[in-house]
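Here, each number is a calculation from the coordinates, and none is a lab measurement. Because the structure is a prediction, the values reported are computed rather than measured. Virtual Cβ from ideal backbone geometry, glycine too; neighbours counted across all protein chains shown.
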Amino acid sequence: MASVTFDAVSKRYGEVTAVDDLNLSIDDGEFMVLLGPSGCGKTTALRMIAGLEEISDGKLLIGDEVVNDVDPSRRDISMVFQSYALYPHMTVQRNIESPLLVRSYDVDGPGTPTRKLTKAERDERVAEAARVLDLEPYMKRKPAALSGGQRQRVALARAFVGRPKVFLMDEPLSNLDAKLRAQTRIELVELHARVGTTIVYVTHDQVEAMTMATRVAVMSMGKLQQVGTPQEVYSRPVNTFVAQFIGTPPMNCFPGQISADGRGVEVPGGTLPLPAGLQAVPAAGSTVTVGVRPEHLEVSGQGSLGVVVRAVEWLGHECLISASVGDATIVVREPGMSASDAGHDLRLRVDPENVHLFDPSTTLRIG
Amino acid sequence: MSVSNAMAAPSDDAPVVEAPKKARRRRYDAKEVGLAVLFLLPSLAVFSIFFYLPFARLLSWGTYESVRGGSSYNQVGIDQYQEVLGGGEFRAGLWHSLQFVIYTVPAGLILGTLLAVAAHRRLKGIKVFQAIFSSTLASSVAVSSVIFFFLFNPAVGFFEVSWQSDPSWAMFAAALPAIWQNLGLAFVIVLAGLQAVPDEVMEAARLDGYGPLRRLTRITLPLISPVLMFLLVILVIYGFQAFAQIDIITKGGPGGATETLVFKIFKQTQDYGKGAVLSVGLFCVTLVVTFFQFAILDRRVHYGDE
C-alpha cells in the first residue's frame, strides 16, 4: 500500500493542456475518486499514475518514490480498464494468472530481492481471487463466453491477484446495466475495506463518486476544482461548477442582489435568507449568484419566494417541479405526489444553511 | 464474504446458454426452393461458364494423348492420368514448386509481420514508411522480377553473382521477387490486423509486466492469428501458382532446376493432354495442402467469438 502524490503535475499534448498544474495528495489506503465531465483530464491523470502517459511537468510520487521515469510494470500498480481489456485468447484462469507469470514480487518481506512466484503460490493467489470475486465456475471459459458483469470481475481479479500498492480504475462500471452497477458499487466498497489498498477511481458519474469515495477530487478543463469528502463537496462547493456538477438535478443557480438592510438576498419573486455563518456579508446592493439545491426548496404557504410552475414531473417517490425565477428556470424536488400543476403559483421556503452565495465574476463561493 | 455473494446476481451469472448445435431440419416447399434457385442462378451461370465447364473440359482433355507433336489426339482414357501423375516429371515439378513455396512463404510472412509490428505505432511520418513498405504490393510481378533479374545479373547487376545460372541457387534467385512482394502483402494485411487489436489490451499487458517481446509472442500474434492463417493459405496458393518470376529470371533453368509444376504445364505446347493432367495434379495438390493447413493449424487460431 502506498500514497500517491501529484506535485504540480501537468500534461500537454502540443498546444492542448490536458492536466494543468495538478497538486493532489492521495493518502495511503484511501478510496479517491477523480470526478469530472469528459475531457476534464481525470483519465489522463490516472494514466499518468499508471505510467501510460508521460508527465510534461512536475513530479509524481508513489509512496516516497518519484516515479516519473519508472516503467509501468515496475510501479507496483494495477489497473481496471473501462473495456476491461481482458486477453480474449486466454481462459479466465490464465487472464487472472497473467501478471503473476511475468512480474516479480516482493514476497519474502522487505529487504529481500523480488522474485517470481512459484506455481503453488500462483495457484493459491488465483484461487483466492476467484473465490473472493465468485469466479470459480468460470475459470476454464474464455472472456467471450462471459457476461459483462463476469468480465468486469475477471478484470478486478486480475488487478487484485498481484496485491499491488495502488489500484487504478478507469470508469469500470460504465459498461454495466443500472442494477449491476448499483450492486458492484457496494461490492467495490467492501473489497476496498477488505484489502485496504489505495484506490484511484475515475468516473464522470457523481453517484459513484458520492457512494464510494473516501474523498472526491472534482476536475474541470484540466484543473482541480475541489478535493474533499463527498459531504464536503456536496454541502460546501467551492464554485458554481462544483455546485452544479454534484447533485441530480444540479443546484439551482440564479442571480440575486444583497438587500438594502444586508439581511437577505433579493431575487425575482421574493427574498431569500443569507447563508448561516457568513463571515463577511457582501455590500448591500451587490450582485451575487444564489445557489439552492432542489431538495432544499420546500413548498410552503409561508414561503418567501413566489414562483410560477412550468411543469411537474412525477417520478413515483417524488416530483420534480420546474418553475421560473426571473429568466432562470429552477427545479424543486417535492416528495410524493405534488398538488401543483403547470401555471399554478407556488411559494417556496429555504433554510439559511442551505443557501449558497457565489461571486458572479469569479464563480467562487462567498463565505 | 458478501462481495462474492452480492455479486452473484442470478440474472448476470446464469450460465451462458448455447444455442442447440443443429437446428431441426425444416422442410422447404416448392415455392421456396424455386425462389432459392432463382437467386442462385446468376452466380451459378457465371461460375458454370467460367469455372465448372472449363474444368470439366480440362478433365476430359486429360484423357487424350497427343500424336505427332499435337497434330492429332487419341483418347487413351484414365491411363494418361496414371502415367503422368506417377511419372518423374510431375514429381520433379512438384518438388520445385514446394521449394518455391518454402523459400517464399515463411520469409515473406515473417518479414512482413515484423515490418508491420515495427510500423504500427503513432509516430510522426510513420505513414510514409507504411506507404513504402506496402509499395511492393503495388508493383506487378513482371516489374519486380525484372528489377531482381538485373539486381542479381552477373554482368550488369548491382550484386555481381551468378545465382541465376547456379542450379543450387537458381530457385532462390527466382524466389526473391516473390518474397519481396509477399512481404508487402503480409505487411498491409498484418498492419490492418494490428490496428484491430484494442489499445487497452496492449496497455493492460504492459502493466501486467509483459515486455515488448512477450507482448508480441503472447498477446499480439495470438490475437492476429486469423489474419496470419489467411495470409499463410493465400501465400501458399500464390507460391504454387507462381510463374512470371521463373519465366523472367531463370526460364526454368539451369537444366530444369527451377521448372515448377506451373512452368511444366506452360511448356506443354505440343501436348495439351499431358498439360491438362498436370493442371489437374496442381489443382489437387493445392486443394490438399490448403485442406491440411485448415485441418492442422485452424485449431491453433483464435477467433474472437470463441
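Could you sort B:132-143, A:162-173 so that the peptide with the highest average Cβ count within 10 Å comes first and the rest follow in order?
Result, highest mean first: A:162-173, B:132-143.
How many partner chain Cβ atoms sit within 10 Å of a residue's Cβ in peptide A:143-152, on average, as a whole number?
Mean shielding by partner chains, rounded to a whole number: 4.
Kindly work out what percent of the DSSP beta bridges joining two residues of the protein assembly as shown are antiparallel, to the nearest 5.
Of all bridge pairs located within the protein assembly as shown, approximately 80 percent are antiparallel.
Once Rh is set to the Kirkwood radius over Cα pairs, what Stokes-Einstein translational diffusion coefficient, in µm²/s, holds for the protein assembly as shown at a temperature of 4 °C and a viscosity of 1.567 mPa s?
Calculated translational D: 41 µm²/s.
Could you work out the relative contact order of chain B, using alpha carbon pairs under 8 angstrom and six or more residues apart, expressed as a whole percent?
Here the relative contact order equals 25 percent.
May I ask for the angle, rounded to the nearest 10°, between helix B:30-47 and the longest principal axis of chain B, with both axes built from Cα atoms and the value confined to 0 to 90°?
Rounded to the nearest ten degrees, it is 50.
Report the net charge of residues surrounding residue A:275, where surrounding means a beta-carbon distance below 11 angstrom and charges are Lys +1, Arg +1, Asp -1, Glu -1.
Within the 11 Å Cβ shell, the charges total 0.
So what is the diffusion coefficient of chain A in µm² per second by Stokes-Einstein at 25 °C and 0.890 mPa s, using a Kirkwood Rh over Cα pairs?
106
Only bridges with both residues in chain A count here: give the DSSP antiparallel percent, nearest 5.
75
With N set to the number of residues, divide the alpha-carbon radius of gyration of the range A:249-358 by 2.2 N^0.38 Å and report two decimals.
1.05
For each pair in A:11/A:140; A:116/A:142; A:116/A:179; A:59/A:179; A:59/B:124; A:165/B:127, compute the distance between the two Cα atoms and list the pairs where it is over 30 Å.
A:11/A:140; A:116/A:179; A:59/A:179; A:165/B:127
Using only the alpha carbons of the range B:183-306, what is the convex hull's orientation-averaged projected area in square nanometres?
10.5
Kindly provide the GluC sites (Glu not before Pro) of the range A:1-68 that DSSP labels as loop, not H, G, I, E or B, and whose Cβ sees at most 13 other Cβ atoms within 10 Å.
Those satisfying the criteria are A:15, A:54.
Summing Lys, Arg as +1 and Asp, Glu as -1, what charge do residues with Cβ under 12 Å from the Cβ of residue A:338 carry, residue A:338 excluded?
-3
For chain B, what percent of Cα pairs sit more than 33 Å apart?
More than 33 Å apart: 47 percent of the Cα pairs in chain B.
When Lys and Arg each count +1 and Asp and Glu each count -1, what net charge do the other residues less than 13 Å away from residue B:212, Cβ to Cβ, add up to?
Neighbour charge sum, excluding residue B:212 itself: +4.
What value, in deg cm²/dmol to 500, does the helix sum -39500 (n - 2.57) over DSSP H runs of n ≥ 4 give at 222 nm once divided by the residues of chain A?
Here the helix-only value at 222 nm equals -7000 deg cm²/dmol.
Kindly express, to the nearest 10 degrees and within the range 0 to 90, the angle between helix B:170-195's C-alpha long axis and the longest C-alpha principal axis of chain B.
Here the helix axis deviates by roughly 20 degrees.
Considering only C-alpha atoms, what is the centroid distance from the range B:131-153 to the range A:1-46, in Å?
Value for the Cα centre distance between the two parts: 52 Å.
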